[in-house]
Amino acid sequence: MTSAAVIALPTRRVEEWKYSDLRAALGDEGFGSGFARAALGPLPQGLECFYLDDANRPAWVTDVYGTLKSNTVSAVSLALAKGGVALRVRKNQAVEAVTLNFSGAGHVRALLVLEEGASLTLHESLSGSDTRNIGFEIVLGANAQLNHVRLSPAAGAAVQVEEVAITLARHARYHFHNAAFGSKLSRLEMYIALEGEGAEAHLTGVCVINNDHADITTRMHHAVAQTHSTQFFKKVAAGKSRAVYQGKVSVAVGADGVDSRQTAKAILLGSQAEADLKPELEILADDVKCAHGAAVGDLDADSLFYLRARGLSENEARNLLLHAFLEEAIPEMALGLVLDQVNDALERVSA
Amino acid sequence: MLEIKNLHVKVGDKEILKGLNLSLAAGQVHAIMGPNGSGKSTLSYVLAGRAGYDITQGTITYNGEDLGALAPEARAAKGVFLAMQYPVEIPGVTTMMFLKSALNAQRRARGEKELDAIGVLKIVRQKAATLNVSEEMLKRALNVGFSGGEKKRLEILQMKLFEPKLAILDETDSGLDIDALKLVAEGVNSLRDPSRAMLVITHYQRLLDYIVPDRIHVLAKGKIVAEGGKELAKELEAKGYDQIIKDAA
Amino acid sequence: MSSAADTKNTVAALGEKYKYGFVTEIETEKAPKGLNEDTVRYVSAKKNEPAWMLEWRLAAFKRWLDMKEPSWARVHYPKIDYQNAYYYAAPKQTPKLQSLDEVDPKLLETYKKLGIPLNEQMALAGVAVDAVFDSVSVATTFKEKLNEVGVIFCPISEAIRDYPEMVQKYLGTVVPVTDNFFATLNSAVFSDGTFVYVPKGVRCPMELSTYFRINASETGQFERTLIIADEGSYVSYLEGCTAPKRDENQLHAAVVELVALEGAEIKYSTVQNWYPGDENGVGGIFNFVTKRGDCRGDRSKISWTQVETGSAITWKYPSCILRGDGSVGEFYSIAIANHYQQADTGTKMIHIGKNTRSRIISKGISAGKAHNTYRGLVSVLGKADNARNFTQCDSLLIGKECGAHTVPYIESRNPSAKIEHEATTSKIADDQLFYCLQRGLGQEEAVALIVNGFCKEVLQQLPMEFAVEAQKLVGISLEGSVG
């Protein structure tokens, strides 16, 4: 039997899911009837935590939970998920890093609120090869700052989707890095609303996949003037794999002084790999600087030759260049967390 | 030729010029010197009629006419030329194409006959040679990828081409090495003429070694605070702006 | 006055009003209003078509009845009532014209107003013109000179009668009958258009050109163009389009198919200036066009250049199928949308063969309350080793109420392929405008100069004779751009 929740899932005929046919990947089972878990590492001082399976939700949770814009898949997790976690940092508190881990199969939700002037570093990680649907809402108050590093290891035959919806108030800053290693279908969708003047969001990401699928879809909405965003994504796709980047930057009427730049680059290894890039602009204000660039190609032949002429084997040379290609898109805050995984994945694809 | 009386100018909410007086006769070259932020560039823009520079008090009279009431292109047609500190890049529009369009627009406004492409080319070539402006430069898009020196030489070329009555040179020396400076100064000096007035705006005394002014005005905080002959430049060099401004107060 | 306001006023004062908005009083013969099988039979009968052509049309019509109008483009318009239009309108005329002298002088007058040098001046310009007025082709010049080298340049209705094998061999092979809603509609009811065949090794001695004119009211125009460049040949073709000012929206759904065989090159240029509607968005042509070129042979080349300034709605994606090894596709586009115009235009480059190359340069200008979208696909298939694409996609906004959108799809399935895409968005900078004014240029001249500079890379691609005209059109089209 096919449930209503499964029928509602998008197929590739839905424009936004053109390169990631969720319905086909999931089959009639959908996300199943179980619930995934959200677990926190040691709680640093100043971080409040509330588990969503507790019915007595405090006001700071109910005020925002389920209020951010969501796609159809996130709407399903909102409707069906029984648990998950909510986090808050109060006004002007600076909190050290915390880890948030998602595991198990099924739907799960998360909520993070940084009040005015608060700051936090969040290390998000996924574990297990389970089919999972995460819906994550983040609210950043004025001058709040969030550093967010997300690690999504290879998850085999699992179908994993996550939506992160974020709203930023005046001068809030959001730095995000995603390291993705794919699965049968793996997709991160981000909806970022820059709603206060001076707000900025900077996204980076690397992806190394081998016989897998990895999709990052972003929607960067500049709702007001003087907001800034950058996006920089790099992908290496080997074997029979598919790397997807869809990024839409929109600038609202009157949002002058917006500065936005997005870049997506992919390298294909092997004749079965595919890259699909769709960097999109929707501009409704005239005093803006918006640009995007996208490129798909092979490693630079001159560089390869240069390295081999200096004594490196072809494999060593290729590996070195692939490292260099990816490292450009890994910011300082993520290096310690993702570099080992990137190295391992590169070794696997070049073996 | 140019008579500025009690000029107050606002940019946005901020008053930059606060009661400036200046008189410049035909045939004269005057220099405006002043520290950063004294209002030098504002003065040049307000004379040329740039939008956003609002005259709140006072008058600018040019050959008996209220200059403030004219659109920038009308001022250009009447012989006001501003050599800009940062000449603007216009991609896709070749320098030659731009020169022809501007020259003919001015001629049209004055009721003179427009020149055809060959006519313009002849004049431009003749004037370009002395300024070391190459044929190749004229084919490139206006100011796009030009070096600082090339941009300034092109400004002077335009000055030669349009033969203005009132030429305002805004920090023409900035970004020039000594050879380029000499070349530019020679160009300017060759245009000295009993019918033409020039206003040379500069921070440093260096340029005035090559373009020797009849009179120097020191601009500070939106007003002329000191005036003198060409020797004032040397005094400024020796004492510095702070001292001269203090002495004047 | 702020300089932004200055810009608006300038643009408002720019150029003259739409100068092609006149109507020619000429007696027309029309098919009964509406669309059914009989309409298709009527059109076919009017053209004295052979049975196979009628069958082809009827099959298309049958498919069309089951098709849905596409809705994915970023254009909004009231529902089109396909029954409330005439599908065939022709100036009443004697059937065959031997020379220009026989053409109705009113028609010639119209073409004169349109600036088409359809007479002696033509000889000097060296352009051969086919003119399509509403639904029929009225005059083709230079037929003889072209005949000498074996180039066929004639109305497609004539080609269907005179060169049936050739038409049957190629028609519908680039744009299949069922390709999309509008192409299928065209297949059923197309009334005329142009046919070109350039034989092996022939370099067509002159530019070929067709002018399309919609004159009659409540009339749709559905022309069909088929150009075949045989091995090693070359042809450059230009089309221009205008229509009278009317309060109603008129549908134009053309299909253009290009076939380039081994080593052949086709250069196809369009200056599209259909009536865009007035400054309140009333009237104007709905332009739903399917244009596609097939680089069927190795080392063949197809180059599209378009200057799109007219139409209320533009829905158009001239594309290249790069099938032959080493074939080359190019797309150069200027799209200007002012007032309430909506343009959704771009290209598809499908790399199938090895060592195929493509280049896309798109310049979009939005003003007034208009929306301008670039939509493009670069697709490299698995066997297209060493395929190369470069895309540059720039948008210029004039005013605060317009929109510029960029929707590129980049799909690569070959590791040796290299695709590069760049896009920028900008406005006319205040300092650029001031610089021009200070040197004596008027506001309108300054804006036209800067916009033409922005478009230069594309203007350069047009044949000389038309580049100057296109440059003027760029300025005129921005008239009254911000209300």
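The values are calculated or read from the model by the stated rules, or taken from the named source; none is laboratory data. Just so it is clear, the model here is predicted, and its values are computed rather than measured. Reconstructed Cβ throughout: ideal geometry from the backbone, glycine too, with neighbour counts over all protein chains shown. For accessibility, only protein heavy atoms count, side chains too; no ligands or nucleic acids. Shrake-Rupley method; radii C 1.70, N 1.55, O 1.52, S 1.80 Å.
Structure above, values below:
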| item | result |
| --- | --- |
| Signed unit charges on C-beta, dipole axis of the stretch C:34-93, positive-most listed residue C:36, C:77, C:59 | C:77 |
| Phi to ³J(HN,Hα) by Karplus 6.51 cos²θ - 1.76 cosθ + 1.60 over the stretch A:288-302, Hz, x for Gly, Pro | 9, 10, 10, 8, 9, x, 8, 8, 10, x, 9, 5, 5, 5, 5 |
| Where GluC sites (Glu not before Pro) fall in DSSP loop in the stretch A:303-339, at most 15 other Cβ within 10 Å | A:328 |
| Normalised alpha carbon radius of gyration of the protein assembly as shown [divisor 2.2 N^0.38 Å] | 1.07 |
| At R0 = 56 Å, FRET efficiency that the Cβ-Cβ distance of residue C:359 and residue B:193 yields, to 0.05 | 0.60 |
| Selection from B:111, B:63, B:23, by position along the positive dipole direction of chain B (Cβ) | B:111 |
| Share of alpha-carbon pairs per 5 Å distance bin for the stretch B:165-211, given as whole % | 5, 22, 34, 24, 12, 3, 0 |
| Distance from the stretch B:199-249 to the stretch A:324-349 (C-alpha centre basis), Å | 59 |
| For residue A:302, solvent-accessible area (1.4 Å; no DNA, RNA or ligand), Å² | 110 |
| Once exposed loop GluC sites (Glu not before Pro) are cut out (DSSP; at most 14 other Cβ, 10 Å), longest piece of chain B | B:115-249 |
| Under-5 Å amide H pairs with residue B:34, H placed in peptide plane, nonlocal only | B:202, B:219 |
| Karplus 3J(HN,Hα) series, Hz, for the stretch A:135-152 with 6.51 cos²θ - 1.76 cosθ + 1.60 (x for Gly, Pro) | x, 10, 10, 10, 10, 10, x, 4, 6, 6, 9, 10, 9, 10, 10, 10, 10, 10 |
| Convex hull of the stretch A:300-351 built on C-alpha atoms - directionally averaged projected area, nm² | 3.9 |
| The stretch A:248-254 - phi-based ³J(HN,Hα) in whole Hz, Karplus 6.51/-1.76/1.60, Gly and Pro as x | 10, 10, 10, 10, 6, 4, x |
| Sites residue A:324 and residue B:36 - FRET efficiency at Förster radius 51 Å, r taken between beta-carbons, to 0.05 | 0.75 |
| Ellipticity estimate at 222 nm from DSSP helix runs (n ≥ 4, -39,500 (n - 2.57)) divided over the protein assembly as shown, nearest 500 | -7500 deg cm²/dmol |
| Volume per residue of the C-alpha convex hull in the stretch B:2-248, rounded to whole Å³ | 123 |
| Values of log10 I(q)/I(0), in the order q = 0.13, 0.18, 0.21 Å⁻¹, for the stretch C:157-281 under a Debye, Cα-only, solvent-free model | -0.58, -1.02, -1.26 |
| Cα convex hull of the stretch A:57-160, projected area averaged across orientations, nm² | 6.6 |
| Percentage relative contact order, chain B, counting C-alpha pairs under 8 Å, at least six apart | 28 |
| Cα Rg, Dmax, the stretch C:270-327, angstrom units | 15.4, 49 |
| Nonlocal amide H pairs with residue C:428, under 5 Å, H built at 1.01 Å | C:397 |
| Stokes-Einstein diffusion coefficient of the stretch A:15-298, Kirkwood radius over Cα pairs, 20 °C, 1.002 mPa s, in µm²/s | 113 |
| Spacing of the two label points (7 Å from each Cα toward its C-beta) at residue A:253 and residue C:248, in nm | 3.2 |
| Rounded FRET efficiency, nearest 0.05, which uses the C-beta distance separating residue C:69 from residue A:67 and R0 of 45 Å | 0.75 |
| Carbon/sulfur fraction of accessible area - the protein assembly as shown, other protein chains in place, 1.4 Å, % | 49 |
| Most mobile listed residue (A:142, A:301, A:172) in chain A, GNM with C-alpha springs under 10 Å | A:301 |
| Percent of beta bridges antiparallel (DSSP, chain B, rounded to nearest 5) | 60 |
